[in-house]
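What follows is a set of notes on a single structure, which appears directly below.
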Amino acid sequence: MIKKIIPCLDIFEGRVVKGVNFINLADAGDPVENAKAYCGAGADELAFLDITATTEGRKTVLDLVEKVARVVTVPFTVGGGIRTAKDFGDTLNAGADKVLINTSAVKNPDLINELKDKYGSERVVIAIDFRRNADSSGWDVYINGGTASANLDAVAWAREACARGAGTILPTSMDYDGTKDGYDIEATRAIKQAVNVPVIASGGAGCMEDFYKALTEGQSDAALAASLFHFREIDIMELKRYLAGRGVEVKI
């Protein structure tokens with residue numbers, strides 16, 4: 001099975017940003033220019049996350065989604081502030097191929113069933129922001145941009161989300177996010193083994209070997225990263241050639 005590499009555009013006030021552990025945001029450029037560059041650099045898909053839409057109680061910036069959609073040539077996933085089926089549909093109409101939801105799905109799990117029935121599971125991506133719990137026995141789900149515990153187990157929630165119709169799971173380790181210490185391999189693998197849909201590893205990539213471990217030991221179907229690509233620390237095609245050289249099937 002071909003594994004995918006996915007750059008992520010975290011959007012704050014109309015700019016691409018990147019932080020550490022979901023805080024301390026640094027500017028990383030213009031979303032449209034970044035999107036265009038990634039499509040030309042070999043990205044398999046692109047993610048666009050309006051990271052403060054939920055906490056600010058507003059919808060995703062659809063005008064910016066439309067601008068990015070005009071230049072992308074790969075599947076394009078958009079998330080942030082999606083509360084209802086109408087929000088979901090509006091985001092697809094703005095040019096998204098898939099739409100990501102997190103907080104709204106946790107608060108109203110039936111929304112996943114509604115979206116699957118109306119738009120098809122292949123368009124429904126469930127994001128799971130998580131931290132390892134206090135006794136290290138598992139991982140807890142966080143919502144509202146990582147600011148509040150949902151009192152849910154991440155693996156159990158991934159399983160339920162898929163049963164309700166999610167087509168992809170995007171688990172992001174808040175402990176590892178932006179640290180460049182590598183993905184949370186154990187958590188990614190546990191979630192992948194619990195579901196029968198693609199899982200995208202996210203949070204913590206620091207070098208090419210981290211991608212390799214996520215796609216092999218972590219059993220993920222794709223690996224997402226932000227700052228490494230935004231600040232040109234890793235070239236996507238060089239990464240793919242490295243992965244191919246180690247026996248990982250990628251599109252070059």
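The values are calculated or read from the model by the stated rules, or taken from the named source; none is laboratory data. This one's a predicted model, so the numbers in the text were calculated from it and none came from an experiment. FYI the Cβ positions are ideal-geometry reconstructions off the backbone, even for glycines, and counts take in every protein chain you see.
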> Which of the residues spanning region 207-252 are more than 22 Å from L49 (Cβ to Cβ) and touching a residue at least 60 places away in the same chain (Cβ under 8 Å)?
Replying inline: D235, M237, K240, L243, V248, E249, V250, K251, I252
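Provide a single number: the residues in region 111-154 that are among the β-branched types (V, I, T) and within 16 Å of T168 (Cβ to Cβ). First the steps, then the outcome.
Let us first name the residues in region 111-154 that are among the β-branched types (V, I, T), namely 112, 124-126, 128, 141, 143, 147.
Going one step further and asking which of them are within 16 Å of T168 (Cβ to Cβ), we end up with 112, 124-126, 128.
Number satisfying all stated conditions: 5.
Let me confirm something: among A205, A223, A194, which residue is surrounded by fewer than 19 Cβ atoms within 10 Å (Cβ to Cβ), under 25 Å from D153 (Cβ atoms) and out of contact with any Cys (no Cβ under 7 Å at 6 or more places or on another chain)?
Numbers: A205 fails: surrounded by fewer than 19 Cβ atoms within 10 Å (Cβ to Cβ); A223 fails: surrounded by fewer than 19 Cβ atoms within 10 Å (Cβ to Cβ).
Just a single option satisfies the conditions, and that option is A194.
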> Taking region 96-120, which residues are buried (at least 18 other Cβ atoms within 10 Å of the Cβ) and in contact with a helix residue (DSSP H, G or I) (Cβ under 8 Å, 6 or more places away or on another chain)?
Replying inline: A96, K98, V99, I101, S104, A105, V106, L111, I112, L115, Y119
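Under the condition of being aliphatic (A, V, I, L, M) and touching a residue at least 40 places away in the same chain (Cβ under 8 Å), which residue from region 166-189 is surrounded by the fewest Cβ atoms within 10 Å (Cβ to Cβ)?
The first filter runs over region 166-189 and keeps only residues aliphatic (A, V, I, L, M), leaving 166, 169-170, 174, 185, 187.
Remaining after also requiring touching a residue at least 40 places away in the same chain (Cβ under 8 Å): 166, 169-170, 174, 187.
Values: A166: 25, I169: 26, L170: 29, M174: 19, A187: 25.
The extreme case among them is M174.
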> Quick one: which helices (runs of 4 or more DSSP H) sit completely within region 189-246 and have at least 2 residues that are more than 20 Å from A47 (Cα to Cα) and out of contact with any Ser or Thr (no Cβ under 9 Å at 6 or more places or on another chain)?
Replying inline: 208-215, 236-245
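Could you tell me which of the residues A158, A134, A163 is closer than 26 Å to A85 by Cβ, without any contact (Cβ under 8 Å) to a residue 24 or more places away in the chain and not in a strand (DSSP E or B)? Step through it out loud before you land on a result.
Numbers: A158 fails: without any contact (Cβ under 8 Å) to a residue 24 or more places away in the chain; A134 fails: closer than 26 Å to A85 by Cβ.
From the options A158, A134, A163, the qualifying one is A163.
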> So which helices (runs of 4 or more DSSP H) are wholly in region 76-127 and hold at least 2 residues that are within 13 Å of R164 (Cβ to Cβ)?
Replying inline: 103-107, 110-119
> Could you list, in sequence order, the residues of region 153-186 that are of a type outside the set (D, E, K, R) and out of contact with any helix residue (DSSP H, G or I) (no Cβ under 7 Å at 6 or more places or on another chain)?
Replying inline: A156, W157, C162, A163, T168, L170, T172, M174, Y176, T179
>> I'm trying to understand the selection: among the residues of region 141-155, which are assigned to a strand (DSSP E or B), crowded, with 17+ Cβ neighbours inside 10 Å and among the aliphatic types (A, V, I, L, M)?
In response: V141, I143, A150, L152
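If the requirement is being out of contact with any Ser or Thr (no Cβ under 8 Å at 6 or more places or on another chain), modelled with pLDDT under 95 and farther than 30 Å from I236 by Cα, which of these qualifies: E56, E33?
Values: E33 fails: farther than 30 Å from I236 by Cα.
Criteria check complete, one pass: E56.
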